[in-house]
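Quick notes on the structure that follows.
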Amino acid sequence: MRKAAVLTLAVVLVALAGATAPAQTPRAGGTLRAVFGSDPPTLDPAHATDTTSSAVIRQVFDGLLELDETLTPVPALARSVAVSPDGRVYTFALRPGVRFHTGRELRAADVKYSFERAARGKRPWVFEKISGAREFIKGAAGEIAGLRVVDGLRVELRLDRPFAPFLHLMAYDAAAIVPREEVEARGPGFASHPVGTGAFRFVSWRRDDQVVLERFPGHFRGPAHLERIVFRIIPAEITRFNEYRAGQLDLTDIPTGQCRSVQSDAQLRGEAAVWPTLGTHGLRFNVEKPPFNDARLRRALAHALDPTLIVERLLEGCVHPARGILPPALPGYSPAIRRLPLDRERARRLLAEAGHPGGRGLGPIPFNFNTNDLNQRIAEVLQAQLREIGIALELRRLDWAAHIKVVDDGSAVFFRQGWIADYPDPENFLTVLFHSRNIGAAGNTSRYRNPAVDRLLDEGDAMATGAARFARYHQAEQAIVDDAAWISLYHYSSRALVKRHVKGLERSALSSAPEFLAPLRKVWLDR
Amino acid sequence: MLFGITLLVFLLNAVALGDPARAAMGQRADPAALERLRRDYALDRPLAVQYATWIGRLARGDLGTSFREQRPVTEVIAERLPATVRLALAATLVAVVLGVAAGTLAAVRPGSVLDHALMGAAVLGISTPVFWLGMMLALVFAVTLGWLPVSGYGGGSLAHLVLPALTLGALHTGTVARMTRASLLEVVRQDYVQTARAKGLPERVVLGKHALRNALIPVVTVIGIGLADLLVGAPLTETVFAWPGLGRLLVAAVGQRDLPVVMGAVLVFALVYVVGNLLVDLAYLLIDPRTRRAAA
Amino acid sequence: MPRPDALGHRGLLAGAALFVVFAAASLGAPWLAPHDPLGLAAGAGATLERPSAAHPFGTDALGRDLLSRVLWGGRVSLAVGIGVEALTALFGCAVGLVAGWYGGAVDAVLMRVTDVVMAFPSLVLAIGLIAVFERPGLDKVVLVLVALGWTTIARVVRGAVLALRTRDHVQAARALGASNLAIMTRHLLPNALGPLLVAATLGVGGNMVAEAGLSFLGLGAQSPTISWGALLADGQSFLASAPWVAVFPGAALLLAVLAVNLLGDGLRDVLDPRFRA
């Protein structure tokens, strides 16, 4: 039994603020001209499922906690959080005097309302660890039993069992706090006109054109530096690049095929930045259905594929080659994981052992991917490489809605899947993607069922953060890689162009240009 | 006809792969949440009931609620209609002005170098893929020369309209130019034009006043069909120029299986088509009084 | 009928010549292509290579020889253009003949259906139809283009039939007790062939551009099948950094469409100067 650990994160925050004090004094004012590749589907934290929506939501709303640049949860609306010795009860003390954009003061009841509302939204998994949440989500209970308002400024969250990344969930934008009266007055219209406590308040949104935010002078941290933020919505990457070069955008992403040329361009060199993010691009099989219920066949493919061409040529070395499943930027990543190496001889032997020497009797194998230029090129590389061991791939390009359907229902036998962590913890990769409890749409689309892996993941999820916990995940990860239930191609990176006058923009491993999920209240313009 | 179109869209959507509720959930879908969403979208009801409900609402002028945006479809469409109409009209204007001018110039001296050059350019205009042309124009006039904005609606500024309108209009400029030229050459051979010439009227007056007026009839047809076409054929132009129009909405709605929006947008297109044809008929009457008898 | 305008003939000749060049190049692709169109880059730095003696059109993002890909792509693009038009003409002809000859209720119903398809945003139908199929590919593209394209031909043929049905020889055949089918195939169709051929020739170019457009939306031919549309769609990402990847297939498409359009225009002038599409 550990002794009572009361964590006061406020201390951590003060220390960090001191450490990252900018060399220059920030200047107030100006408009940041940012850009998205697609229209955000919603600006309501309960209904968002994508990073574009999150990028706006994080500016307009606050959560109890937020992540700092090292991806550590630090206090936001909560002043402090106390955790019970058994790791099951979290008590959050709210900052007094926080105001919504409407001027009303934040109360503990807003937390309960926001969480229960969001639990019946599109990301219920954020709240399902709280006692009684499953019953509430299914509609069998009128409230989340484990979510209690202690007094005007304190809430207590009780979990069924300890869950190590719980604080990360509380820093996630699905757990943003919304004002009940505004939500109820606006109804579904809240998604088009959000109101929160965030450093920026909503001004306007012309669909497929732009979202405009302005500084909220009454923010609990004091007014932000920027006067306004305009998020343009520009679907074509070449157009975003052209707008950036024409000086109409302050930041954007580096377009396909330009990663090297931009870094050697005299003008753009100092403005380009590439950093690792928390994502992995991989290939998956349906391990329940022939032919890939035979692990030898899956391993044969793993040994026949060489991601080097994809990493070095297609992506110009601007992404990280993968060993295992967890990306290097993720806390808990292990460099000791070994991938199944490129070895065409072994691939041919495995094919023969599985009863298909030279690929005989296999027929063209369908490979599913969702419509996207890069996915298309990668599929063509895979097609060419597998041809060398006698396997023909029949490429099946479907739009997202159709792709996700054939993947979810198990009719796709071999398909691509990218995964980007919602929060920086191995649980969000391995448990979601490979635990047998999550088979199907919940994340385990391989339909992978390995009791040993399940046990390791269950243990890891409940343990306190530390080397022993990570060791569980490493064991599970190596087992999955050896089973070839997933073949990693590479780890994602963010490729961005940021004008020199933009200061204080955090390059978070969670964000991928053109969306910057970093808090823009820290950004200022030097001109 | 409109009924047939809506039924067709509805059936098409019913057999299409993919579920609107699932598409709205992102990569990680919770079964309970999925079920609730399907209930919210009324997807758990039989197809016939879904369609009947839609038609019933339509009778009251209600196009339903967008799955994706959770707003009335009428609002979703109305918000984008101005941008779409501006672009379509501007592109038509480009096509008519450039096309009629080029066609007339070419017809003045058939077989001349000018004629060949103009008609060659017209065929090029027809043959050039829209997205290709758009990217080239943006590269030259916006990035390299910096004369015009690269993209965007710009709150409705005229400068923002120029490149998308030129891009979208190019295809129809070629068609209109060829139609004008052919039609003019035909008319010029007819008796009343020869009479006018014989009377010694200057060529400018003959062509401009007598011939062109009559030659415009087939041209108007092309424009009428073209207008409906422009409203539909715009998503590529809208994508290249980040123009917030109906074309992009429609492509996104199909991708999201946002059935109410797809149905609503298709209905609007069909209406425009019908109205466009009606306007063409009216234009005939205006240009050529003789068709009044033919029509009656 | 003689044609006073010289452009028609010259255009026809130029179009025909250009078309023959494209057709020959495409048919000869297996022998003309200097490299394997699917062969990935071997050496370092071989991707997105500028045009050179070894690779006259340069190489693409995977280091594949672009000249070889353009040559092979022509086979598919031309085949789609012509094949779709042949099917379109067949279907459109049938509808046009039946509607024009029988008239009355049959005509009314068929023309209503034609109206529905014409008033339908073709793009929606295209995307919608393709979303129905679990296995995308060129056959689906053909199906979609035919489903959308037959209306023009149907209208042209119907118009021609309406004009022909009162002619003496048609009336005579009818009086002699010829069957409907016989009248349609022996008397109506041959006489409607002029406008039909012209409309069909012009349609070929349209189909090729449409296939490119569908590829651009991610709905076209699927590797290892190569089409110009797919090449162009692939190349657009590199327009700024490696323009040749898009320029060569784009130019090929443009010239080929130009060729068939010139051909169609020329045919129109030669066959039937009164006909206007």
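The values are calculated or read from the model by the stated rules, or taken from the named source; none is laboratory data. Nothing here was measured: the structure is a model prediction, and the numbers come from that model. No Cβ is skipped: glycine too gets one built from the backbone with ideal geometry, and neighbour counts run over all protein chains shown. For the accessible areas, the whole protein counts, side chains as well, though only heavy atoms, and no ligand, DNA or RNA atoms are used. Shrake-Rupley method; radii C 1.70, N 1.55, O 1.52, S 1.80 Å.
Odds and ends about this structure:
- In nm, spacing of pseudo-spin labels at A:T465 and B:L114 (7 Å Cα→C-beta vector): 7.8
- All distinct Cα pairs of segment B:2-59 go into the 1/r average, and the inverse of that average, the Kirkwood radius, is 12.6 Å.
- Evaluated at q = 0.04, 0.05 Å⁻¹, the base-10 log of the normalised Debye intensity for the protein assembly as shown, with identical point scatterers placed on the Cα atoms, takes the values -0.23, -0.36.
- Expressed as a whole percent, the accessible surface of segment B:82-242 that belongs to carbon and sulfur atoms is 71, based on a 1.4 Å probe.
- Residues of segment B:128-154 whose accessible area, computed with a 1.4 Å probe over protein heavy atoms, drops by at least 40 Å² once all protein chains are present relative to their chain alone are B:P129, B:F131, B:W132, B:M135, B:L139, B:V143, B:V150, B:S151, B:Y153.
- Within the accessible area of chain C (1.4 Å probe), percent carbon and sulfur: 69
- For the pair C and B, the buried accessible area comes to roughly 3700 Å² in total, with a 1.4 Å probe and the value rounded to the nearest 100.
- Signed unit charges on C-beta, dipole axis of the protein assembly as shown, positive-most listed residue A:V319, C:V70, B:L145: B:L145
- Cα centroid separation, segment A:187-240 to segment A:406-447: 32 Å.
- With the biggest extent put first, the Cα atoms of segment B:148-284 measure 65, 35, 21 Å across the principal axes.
- Heavy-atom SASA rank of A:E135, B:E79, A:E66, B:E35 (probe 1.4 Å, accessible area, largest first): B:E35, A:E135, B:E79, A:E66
- The C:L27 and B:T74 beta-carbon pair, evaluated with R₀ = 51 Å, returns a calculated FRET efficiency of approximately 0.40.
- Cα centre as origin, Lys/Arg/Asp/Glu Cβ charges: segment A:51-163 dipole, Debye: 280
- Contact order normalised by residue count of chain C, Cα under 8 Å, 6+ apart, percent: 29
- The alpha-carbon of C:K140 sits under 26 angstrom from the alpha-carbons of these lysines, leaving out residues fewer than 8 places away in its chain: A:K405.
- Highest-MSF residue in chain C out of C:L217, C:L78, C:L263 [GNM, Cα springs under 10 Å]: C:L217
- Taking the inverse of the mean reciprocal distance over all distinct Cα pairs, the Kirkwood hydrodynamic radius of segment B:52-147 comes to 17.6 Å.
- Cα long-axis angle, helix B:2-15 against chain B (0 to 90 degrees, to the nearest 10): 50
- DSSP bridge pairs, chain A: antiparallel proportion in percent, nearest 5: 80
- Cα long-axis angle, helix B:73-108 against chain B (0 to 90 degrees, to the nearest 10): 20
- Taking 0.36 nm per residue of sequence separation and removing the Cα-Cα distance, the A:S204/A:R449 pair yields an extension gain of 83.4 nm.
- Solvent-accessible area, 1.4 Å probe, carbon plus sulfur percent, for chain A: 51
- For segment A:412-527, with +1 on Lys and Arg beta carbons and -1 on Asp and Glu, the positive-most of A:V413, A:H501, A:L517 along the dipole: A:H501
- Per residue, the solvent-accessible area of the protein assembly as shown (1.4 Å probe, heavy atoms of protein chains only, all protein chains present) comes to 38 Å².
- Using the Cβ-Cβ distance between A:R221 and C:S52 with R0 set to 60 Å, the FRET efficiency works out to roughly 0.55.
- Hypothetical label at B:L279: residues of segment B:163-189 whose amide nitrogen lies under 19 Å (7 Å Cα-Cβ projection): B:165-177
- Per the Debye formula on identical point scatterers at the alpha carbon atoms of segment A:406-496, with no solvent, log10 I(q)/I(0) at q = 0.25 Å⁻¹ is -1.40.
- Considering only the protein assembly as shown, percent of DSSP beta bridges that pair antiparallel, nearest 5: 80
- The mean of 1/r over all distinct Cα pairs in chain A, once inverted, gives the Kirkwood hydrodynamic radius of 24.5 Å.
- Segment B:82-242 - convex hull of the alpha-carbon atoms, volume per residue in Å³: 117
- Top of B:L285, B:L158, B:L89 by mean-square fluctuation, Gaussian network on chain B, Cα under 10 Å: B:L158
- For segment B:2-59, size of Cβ-based charge dipole, Lys and Arg +1, Asp and Glu -1, in debye: 60
- Of the DSSP H helices in chain C, those whose Cα atoms cover at least 27 Å axially and whose Kyte score averages 1.0 or more: C:6-27, C:66-102, C:138-164, C:189-216, C:244-271
- Among B:G134, B:G64, B:G156, residue whose mean-square fluctuation peaks in a GNM of chain B (springs only between Cα atoms under 10 Å): B:G156
- Chain lengthening between C:T185 and C:Y102 when straightened (0.36 nm per residue, less Cα-Cα): 28.5 nm
- Each stretch of four or more DSSP H residues adds -39500 (n - 2.57); spread over every residue of the protein assembly as shown, this sum gives -16000 deg cm²/dmol at 222 nm.
- Ordering of A:326-335, A:265-274 by packing is A:326-335, A:265-274, highest average first (other Cβ atoms within 10 Å, averaged per residue).
- Buried on complex formation within segment A:22-69 (loss of at least 50 square angstrom of accessible surface versus the isolated chain, 1.4 Å probe, ligands and nucleic acids ignored): A:P41.
- Anchor A:K112: lysines whose Cα lies under 30 Å away (excluding residues fewer than 8 positions away in-chain): A:K3, A:K122, A:K129, A:K138, A:K522
- Peptide C:259-266 - average C-beta neighbours from other chains (10 Å radius): 2
- Cut-off 13 Å, label 7 Å out along Cα→Cβ of A:V150, residues of segment A:79-96 by amide N: A:79-85, A:89-95
- The distance between label points at A:T308 and A:E105 comes to 6.6 nm (points 7 Å beyond Cα on the Cα→Cβ vector).
- For A:R338 and A:D160, a Förster radius of 41 Å and the Cβ-Cβ distance give a FRET efficiency of 0.70, rounded to the nearest 0.05.
- Whether segment A:351-418 is rounded, prolate or oblate, judged on the alpha carbon gyration tensor where a/c under 1.5 counts as rounded: oblate
- Chains A and B, summed buried accessible surface - 1.4 Å probe, Å², nearest 100: 3700
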